[in-house]
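For reference, the structure is listed below as structure tokens.
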Amino acid sequence: MELKLNRETVPAAEVIFDGVQEQSVELDYILPDYCPDIFRLIRCDTSPVITEWSVSGDRLTYELRCDIHILYCGEDGSEVQSVDQHRSFTKTVELGRSPVSPQIRLAPKTDHVNYRAVNKRRLDLRGAVSVKISVTGQQEQQVVSDAEGMNIQLKRRNVEFAASRLSAEKNVRIEEEMELSAAQPDISGILRCSCTAEECEVKLISGKLLAKGEADVELLYRGGGNVETMNFSLGYSQIIDVEGLDDSFGCTVTAEVVSCDISPAADDNRAVRCEAELRLCCRAVKTASVMIAEDAFSTVYPCTVELSDIRAEQIPAVYNESFRHSARLAEGDAVPQTVYSMWSEAKNINTRIGDDGRSVVISGMLTYSMAAKDRSGMIVMPDRDEAFEETIALPDNISGSSVSAEVRVRETSYDISAEGVLTAKADIGVKLSVYSSDSVKAVTDITVDDSARKERDGDYSIKLYFGIENEDVWDIAKRYSTSVDAIIEENDLAGERLENGGMLLIPIVS
């Protein structure tokens, strides 16, 4: 009986580009006439953001904008002034080949910034940002799913994969006016604005995706001769058109902040006008499963098996966890006279699977920042870097998997004890994505030589073999050119791995 092979087509994730692109940032700025002279620099923040991107053939083009925010004190030493500038760059990446159904990940970050006052009217800034770029495409690979004839034996496994992927993006603009509470002083100037957005709630309605969520805004402003804080949320609800989407897909929508501009409302120092732009990134995946052959042999004939690494896009197991980090920032005379606000940011995140195979170790850096008044009455905004390492226990064994983590600070608080110690605490949320494997070994072809039979070392129907605990029965069957089912049946085994070591009877089949 001739050999018959059944094949399945598996969409495979293909890494097209994975690298980092750097961009220098420079600013030579002369203060306009209405700004007071520079007496003391307080702080500089540089925030890079990707405003848009496109793929044409084998080239990726994206727009990088760097928002520069510098705070300084005028000559009277009390009023805090701000300088806001933007630098935009068009960047291209040669991918080497054109991707099919590309998935793009662009993650910008600030590497370093140095700034100084050249004189009382002139600022100089030199820095660098980098963008981590990941581009994956899709290719189809054929694998052997079943075979019969020529006494062929197959080792098969079930593989779940992303059978279809859809993606869409939509930019949303939110414009609102927010009023101060009765207890807050009038606004005389905006010092700092921070906007963060969480993952959206999603609902499928008539083939369209409804995304609802909130963006949280934290504001520092000048008021009543001091630094004041204001917090509020911006809600949104948007319909996203995703061609081909139905209820067989699993969907996630992630909101990215493109910009957030806040200014005092016109002719009203009791309200602020907020204009925010969010990019809603929709990713939809339809899962499927297929039986693939991992290995093969014939009990009678010599055969050749071709194996390939199939990078089927795995559907990750997602775990949402949290932990708290605390840091001792100052004590004694180093503690500020007044702390107006404190915030923190996670950077340089690394992950690895714990030695027990059931935990993830997350390490990185937390940068604590504050707006405060020091003992001399000056406004200061220092940073403090604190290294951290946290082990998160998981309910499942993830040995042999790969893991990635999204780390976000949910809330930062502080406390000054009776002993005069300033301690900061950060509540941190972690989204862990655990992938079963990066690639799967699969049989892509089998060739059997029916012109010759395998030679045996004797004429027998049963052999004795001493197995070891947890040994794979498939390896034993392949060694002796017999079948897995025959070994299991002859020895009354419970599964395809040996629970205990000991003597086995190996029936020889032909």
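The values are calculated or read from the model by the stated rules, or taken from the named source; none is laboratory data. Remember, predicted model here, so these are calculated numbers, not experimental data. Cβ: placed from backbone, ideal geometry, glycine included. Neighbour counts: every protein chain shown. Surface accessibility is based on the protein's heavy atoms, side chains included, excluding ligands, DNA and RNA. Shrake-Rupley method; radii C 1.70, N 1.55, O 1.52, S 1.80 Å.
Points to keep in mind about this one:
- Equivalent-ellipsoid semi-axes of the range 382-439, from the Cα gyration tensor, Å, largest first: 34, 12, 10
- Inverting the pair-averaged 1/r between distinct Cα atoms of the range 372-481 gives 22.5 Å as its Kirkwood hydrodynamic radius.
- Each 10 Å bin from 0 upward holds the following percent of the Cα-Cα pairs of the chain: 3, 13, 21, 21, 15, 11, 7, 5, 3, 1, 0.
- Fraction of accessible area attributable to carbon and sulfur, the range 371-501 (%, probe 1.4 Å): 41 percent
- Among Ser82, Leu123, Gln138 the positive-end extreme of the charge dipole of the range 78-169 (Cβ point charges): Leu123
- Sites Asp475 and Trp53, calculated FRET efficiency, Cβ-Cβ separation with R0 30 Å, nearest 0.05: 0.05
- Looking at the chain, the accessible area is 52 square angstrom per residue; that uses a 1.4 Å probe and ignores ligands, DNA and RNA.
- Helical content alone sets the calculated 222 nm signal of the chain at -1000 deg cm²/dmol, taking -39,500 (n - 2.57) per DSSP H segment of four or more residues and averaging over every residue.
- Residue-wise HN-Hα coupling along the range 224-231, computed from phi with Karplus coefficients 6.51, -1.76, 1.60 (Hz; x: Gly, Pro): x, x, 10, 9, 10, 10, 8, 10
- Whole-angstrom gap from the range 295-355 to the range 139-214, using each part's C-alpha centre: 19 Å
- Leu41 accessible area, 1.4 Å probe, all protein chains in place, Å² to nearest 10: 50 Å²
- Per-residue surface analysis assigns Glu218 an accessible area of about 80 Å², computed on protein heavy atoms at 1.4 Å probe radius.
- In the context of the full protein assembly, Val15 retains an accessible surface of approximately 70 Å², using a probe radius of 1.4 Å and ignoring ligands and nucleic acids.
- Lysines whose Cα lies under 18 Å from that of Lys373, excluding same-chain neighbours fewer than 8 positions away: none
- Taking a straight Cα-Cα cut-off under 23 Å and skipping sequence neighbours fewer than 8 places away in the same chain, the lysines within cross-link reach of Lys463 are Lys155, Lys454, Lys478.
- Anchor Lys431: lysines whose Cα lies under 25 Å away (excluding residues fewer than 8 positions away in-chain): Lys109, Lys132, Lys170, Lys203, Lys212, Lys286, Lys347
- Cα gyration tensor category, rounded, prolate or oblate, for the range 235-353 with a/c compared to 1.5: oblate
- Among Tyr62, Tyr414, Tyr465, the sequence by solvent-accessible area, most first, with a 1.4 Å probe is Tyr414, Tyr465, Tyr62.
- With every protein chain in place, the range 147-213: carbon and sulfur % of accessible area (1.4 Å): 40 percent
- Computed E for Ala271/Arg97 - FRET, C-beta separation, R0 60 angstrom, nearest 0.05: 0.65
- Counted residue by residue at 0.36 nm each, then reduced by the alpha carbon distance between them, the extension gain from Ser164 to Asn348 reaches 63.0 nm.
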